[in-house]
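*Asks:* A single structure is presented below for examination.
The values are calculated or read from the model by the stated rules, or taken from the named source; none is laboratory data. Predicted model only: the values in this text are computed from it and were never measured. Reconstructed Cβ throughout: ideal geometry from the backbone, glycine too, with neighbour counts over all protein chains shown. What goes into the accessible areas is simple: the full protein's heavy atoms, side chains included, and nothing from ligands, DNA or RNA. Shrake-Rupley method; radii C 1.70, N 1.55, O 1.52, S 1.80 Å.
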Amino acid sequence: DCWFDSGAMPFAQHHYPFENKELFEQQFPAQFISEAVDQTRGWFYSLLAESTLLFNKAPYKNVIVLGHVQDENGQKMSKSKGNAVDPFDALEQHGADAIRWYFYSNSAPWLPNRFHADAVTEGQRKFIVTLWNTYAFYVLYANIDEFDPTKYNLEYDKLSVMDKWLLSRLNSCVKTVDDCLANYKIPETTKALQAFVDDMSNWYVRRSRQRFWAKGMEQDKINAYMTLYTALVTFIKASAPMIPFMTEDIYQNLVKSVNPDAPESIHLCDFPAVDEAMIDEKLEQDMGEVLDIVVLGRAARNASGIKNRQPIGKMFVKSNVVLPEFYQEIVEEELNVKEMEFTDDVRNFTSYTFKPQMRTVGPKYGKLLGGIKEALANLDGNQAMDELNATEALKLDVNGQEVTLFREDLLIDTAQMEGYVSESDNGITVVLDTNLTEELLEEGFVRELISKIQTMRKEADFEVTDKIKLYYQGTEKAEAVFEKYETEIGGEVLATEVVKGTPSGYTKEWNINGETMTMGVEK
């Protein structure tokens, strides 16, 4: 392959071994650069001509010419327009990896690229920061437990379903990245990498935190550490071409620091090989279904206004796939729902309302528009939807005239039954029972208390492992709940002593579900 940028200065490519622009210009004056570019261009065309004459074929398999870098409005950058960006200012502001990632993920290299700070920052937030936070999570708890990955093996048969799922996703990701890079699908490569980081951070780590917090070093905790370590090390090797500096930093800390015999740099390592035995397509599909249900469940919670820490009694799911009990338990725990039930019919909880799409119905049935609105308003929503799904049309009798409306002629909304909230997408419907019993409300109050105490621990700059003494004082109802669940609350926040009375230490007053509570924490 030959990469050829006909107009770029070398330092704009971020591959130079110099710390600043001044040092670079001292070593390579402008005249030298100009001559070097001309010579390279001449060498490039000479090589093409000579190879054609001598061997009747090109001297390279592919040639990639980079597109122009434009400003955020799609205008070509120039000093005269005042829209040019100094690469060193951009590097100073965002870092080289963030800028590289933006160009890789934004569009194919040979297409024009619009460059602006907000877009770079967004990519940095979604991918680079998420990856770094996941790495930092591992380092934090590995240091607390003094975990050394070289002393353990990843024993696949002993792994949990979540561990096997992450390793399957990891190998599927590496396989996709290898294939995309081989076929010059650069943005598709970054999409696969970003999707994996999101799954690793926002699903695996979040679902596995309790395992890292467990006391001692039981097999399940070892499995969690080794799975996350394997995923991180393999992933940084696959993403090193895209974000070379950050991955080198992580490699030195995770690999080189514990294994002196490892290659000196991540860029001297082989690209990771795919372990086909770890790819379980059925497992990935089932977990994907779980994630789809969870996303809809969260949307339904948001629509209902019920906080995530407030338990819900029951939820119903209509889907083409009925998940095994293990996955149902994941959904229940993730959405804080006591019971999940699959059903073939959600008619008892939802219905549909129909209105005419004025843009299409008006020109066809202008004079009958009023009658059509009335007829649609009087329909049985579920029966009408069944008819529409079966025939792709609704037939109405409007003033003695038959009117046929197709799906594009209708505005369809889901009507909520009182006490229930539903969300639908991609053939899945999730319904939450929003009727809360006193027992559920009490449990929600306890979870709010625990959350507030954890917040106070952070604000007081306590370490994760610090034991505390906990004080509380509040309304009669609040104190009664606290006293009833004192052991559970104390265990969650590492309180060795819980005292009812005037708070001491770092104190703060809270209003929780309408009840006033003042609490204090001290080491």
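*Asks:* Probe radius 1.4 Å, ligands and nucleic acids ignored: give me the carbon and sulfur share of the accessible area of the chain as a rounded percent.
*Replies:* Here carbon and sulfur together make up 48 percent of the probe-accessible area.
*Asks:* Let me ask something additional. With only Lys, Arg, Asp and Glu charged, each at its Cβ (+1 for the first two, -1 for the last two), find how big the charge dipole of the chain is about the Cα centre; round to the nearest 20 debye.
*Replies:* Dipole about the Cα centre, nearest 20: 1200 debye.
*Asks:* For the pair Arg207 and Gln93, what calculated FRET efficiency results from E = 1/(1 + (r/R0)^6), where r is the Cβ-Cβ distance and R0 = 45 Å, to the nearest 0.05?
*Replies:* 0.80
*Asks:* Still on this structure: Check cross-link reach from Lys458 to the lysines: straight Cα distance under 16 Å, and skip same-chain residues fewer than eight apart.
*Replies:* Of all the lysines, those that pass the test against Lys458 - Cα under 16 Å, at least 8 places apart if same chain - are Lys467, Lys469, Lys508, Lys523.
*Asks:* Of the listed values [x] 22, 52, 22, 4, 0; [y] 16, 37, 34, 12, 1; [z] 20, 42, 25, 11, 3, 0, identify the label whose number matches P(r) over Cα pairs in 20 Å bins from 0, in percent calculated from this model.
*Replies:* [y]
*Asks:* Right, here's the next one. Taking a threshold of 31 Å on the Cα-Cα distance, which of the pairs Lys256/Lys452; Lys282/Lys314; Lys61/Lys237; Lys164/Lys237 fall above it?
*Replies:* Lys256/Lys452
*Asks:* Now, a different point. Measure off 7 Å from each Cα along the Cα-to-Cβ vector at Phe44 and Asp179, then give the distance between these two points in nanometres to one decimal.
*Replies:* It works out to 3.2 nm between the two label points.
*Asks:* Can I ask one more? What is the distance, in nm, between label points placed 7 Å from the Cα along the Cα-to-Cβ direction at Asn382 and at Arg347?
*Replies:* 0.4 nm
*Asks:* Within segment 151-185, name every residue whose backbone N is under 14 Å away from a label modeled 7 Å from Cα of Glu284 along the Cβ vector.
*Replies:* Counting backbone N atoms under 14 Å from the label point, the list is 164-180.
*Asks:* Nearest 0.05, what FRET efficiency do Ala84 and Ala415 give at R0 = 41 Å with Cβ-Cβ as r?
*Replies:* About 0.15, to the nearest 0.05.
*Asks:* Looking at the chain, identify the longest residue range that excludes and avoids all GluC sites (Glu not before Pro) in DSSP loops having at most 14 other Cβ atoms within 10 Å.
*Replies:* Of all site-free stretches, the longest is 265-391.
*Asks:* With every protein chain kept in place and ligands, DNA and RNA left out, what is the accessible area per residue of segment 231-342? Probe 1.4 Å, answer in Å².
*Replies:* About 47 Å² of surface per residue is accessible.
*Asks:* Would you kindly state how much longer the chain becomes between Glu488 and Asn320 on full extension, computed as 0.36 nm times their sequence separation minus their alpha carbon distance, in nm to one decimal?
*Replies:* That pair, Glu488 and Asn320, stretches by 56.6 nm at full extension.
*Asks:* Moving on. Tell me, what is the FRET efficiency for Phe55 and Met77 to the nearest 0.05, using R0 = 51 angstrom and their Cβ-Cβ distance as r?
*Replies:* After rounding, the FRET efficiency stands at 0.80.
*Asks:* Between Thr391 and Arg407, what is 0.36 nm times their sequence separation minus the Cα-Cα distance? Round to one decimal in nm.
*Replies:* 4.8 nm
*Asks:* Roughly what would the spin-label model give for Ser504 and Leu140, points 7 Å off Cα along C-beta, in nm?
*Replies:* About 3.0 nm, to one decimal.
*Asks:* Separate question: With every protein chain in place, what's the accessible area of Ile450 (1.4 Å probe, Å², nearest 10)?
*Replies:* 20 Å²
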